[in-house]
Ligand SMILES: [Zn+2]
């Protein structure tokens with residue numbers, strides 16, 4: 001039986017680019033399809049570039065190349081040893097058509113490689129790699145993602161993922177939409193601006209231990225609340241920084257994973273779900289797609305030590321924690337999360353990397369990784385990772 | 001609501017501006033051009049010389065820094081087209097020839113205008129050399145065009161791998 005997943009599906013840019021969306025098979029669908037025949041797949045190596053506000057000297061290929069080299073060295077694999085290569089990126093960031101193809105210059109795709117791309121965050125490329133490994137004919141996959149948010153106006157660029165007829169002409173950018181969402185949340189129930197500031201303070205504090213983070217340090221919650229409003233009810237620190245960066249991982253199946261590393265981060269469950277494109281029909285104070293993906297991935301079936309959540313805005317972390325049912329005992333975003341560094345198209349894959357890294361170094365036994373895409377948490381991916 | 005078959009046309013102006021990052025390799029190349037030098041970069045693995053390198057050998061995925069080659073301003077026209085149809089922003093009057101020039105010692109061609117020869121005599125294998133602007137800067141427009149050297153045409157075998 002052939003299970004074919006393909007990129008581009010569900011991409012918020014698919015409509016803009018005129019690409020025909022292709023249906024993907026969700027993890028749950030794949031599970032139903034394959035019954036008990038699911039293969040164990042793990043993250044066995046990771047690499048990332050430092051997060052920079054503006055990488056003025058290097059182009060995308062020059063940023064990506066050392067990350068790919070370091071990754072393959074970590075796994076002691078050559079490109080020839082890798083069964084499938086897949087990337088997640090967005091040409092709109094670079095402002096160049098087929099930028100994702102030129103990025104292959106960093107890989108060395110000769111002799112010809114089996115390769116794919118999603119016009120989405122790298123977390124969805126990782127999902128495609130996971131599905132591809134389920135086919136059973138290959139044992140390794142390389143996933144990479146890159147994004148320079150600085151060359152263009154990232155707020156205008158991300159606005160183009162909205163409905164082109166009714167919404168884009170008004171240019172409601174991601175910060176404006178996040179502010180609407182935060183306002184709805186603040187007015188719905190027990191969430192306060194102080195809760196949001198606490199997310200920011202913890203994020204900056206955690207980021208002190210992350211050599212790759214962009215914004216870090218000890219900040220006082222009261223001090224944060226004294227900052228002026230940026231776009232009410234958001235203060236500047238409630239919003240993510242603008243970041244350039246790249247990241248990559250290698251996935252391996254079964255014994256191949258154990259051969260590459262002593263402690264692989266096994267993907268025990270992975271699923272992604274999407275909510276309607278139209279913001280008007282969604283309850284922005286909740287994330288039902290995250291909840292559903294979390295249920296299918298099995299978040300609740302064991303104790304969670306660490307959760308890396310892609311919440312670009314402080315209030316979104318609160319929404320996501322609720323949707324995933326993460327209690328106070330969970331260490332959320334030990335890396336600092338997207339409030340500390342937010343390379344668009346990379347930040348979701350980075351959440352998986354940061355979660356996996358904590359399994360691989362033995363500091364956690366069970367971790368949850370989350371990635372988001374689209375306006376105001378429209379589409380969400382959840383993975384559960386475990387050590388052995 | 002409009003009747004079936006009718007529609008409303010909405011003008012939706014859309015513009016995105018970018019700061020282009022040339023990158024380390026293209027910066028080295030463009031700084032060379034500003035000194036009337038055409039610098040290639042050699043791949044340490046396969047030995048191919050890239051002109052206007054984007055920083056890596058696209059075959060091997062390794063950096064081409066450290067393999068600088070000062071290339072001659074002379075090469076072979078591998079392929080070309082004669083432009084007969086005017087288009088917006090055109091800077092040269094039709095008809096004119098534009099082609100790929102494989103510099104001697106390079107493995108990837110540069111694009112340029114072919115002049116000082118009637119456009120209907122432009123041909124594959126033609127030997128050409130660069131004609132520079134009086135004022136040069138970090139832009140390929142510093143090369144005004146390419147003109148025939150008068151040498152005999154290059155043998156097809158010498159450039160067939162670069163088409
Ligand atoms: Zn090479």
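Laid out as a table, the results:
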item: Selected residue (criterion: surrounded by the fewest Cβ atoms within 10 Å (Cβ to Cβ)) from residues of region B:34-65 that are within 13 Å of the ligand (Cβ to nearest atom) and on the phi > 0 side of the Ramachandran plot; result: B:47
item: Answer from A:285, A:290 - the residue that is assigned by TED's automatic domain parsing to the domain that holds residue A:159, surrounded by fewer than 24 Cβ atoms within 10 Å (Cβ to Cβ) and either assigned to a helix (DSSP H, G or I) or touching a residue at least 24 places away in the same chain (Cβ under 8 Å) (or both); result: A:285
item: Matching entry among A:211, A:174 (being under 20 Å from the mean Cα position of the chain (by Cα), closer than 26 Å to residue A:60 by Cα and surrounded by fewer than 17 Cβ atoms within 10 Å (Cβ to Cβ)); result: A:211
item: Region B:51-63, residues that are at the interface with chain A (Cβ under 10 Å from one of its Cβ atoms) and either outside any strand (DSSP E or B) or within 23 Å of residue B:144 (Cα to Cα) (or both); result: B:53, B:54, B:55, B:57, B:58, B:59, B:60, B:61, B:62
item: Condition check for residue B:85: within 29 Å of residue B:119 (Cβ to Cβ) and assigned by TED's automatic domain parsing to the domain that holds residue B:135; result: yes
item: Restricting region B:78-125 to residues that are assigned to a loop (DSSP other than H, G, I, E, B) and under 11 Å from the mean Cα position of the chain (by Cα), the residue that is surrounded by the fewest Cβ atoms within 10 Å (Cβ to Cβ); result: B:108
item: Residue check for residue B:28: in a loop (DSSP other than H, G, I, E, B) and away from the ligand (no atom under 15 Å from the Cβ); result: no
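The values are calculated or read from the model by the stated rules, or taken from the named source; none is laboratory data. The structure presented is a predicted model; accordingly, all values stated were derived computationally and were not measured. In this analysis, Cβ positions are derived from the backbone assuming ideal geometry, glycine residues included, and neighbour counts consider all displayed protein chains.
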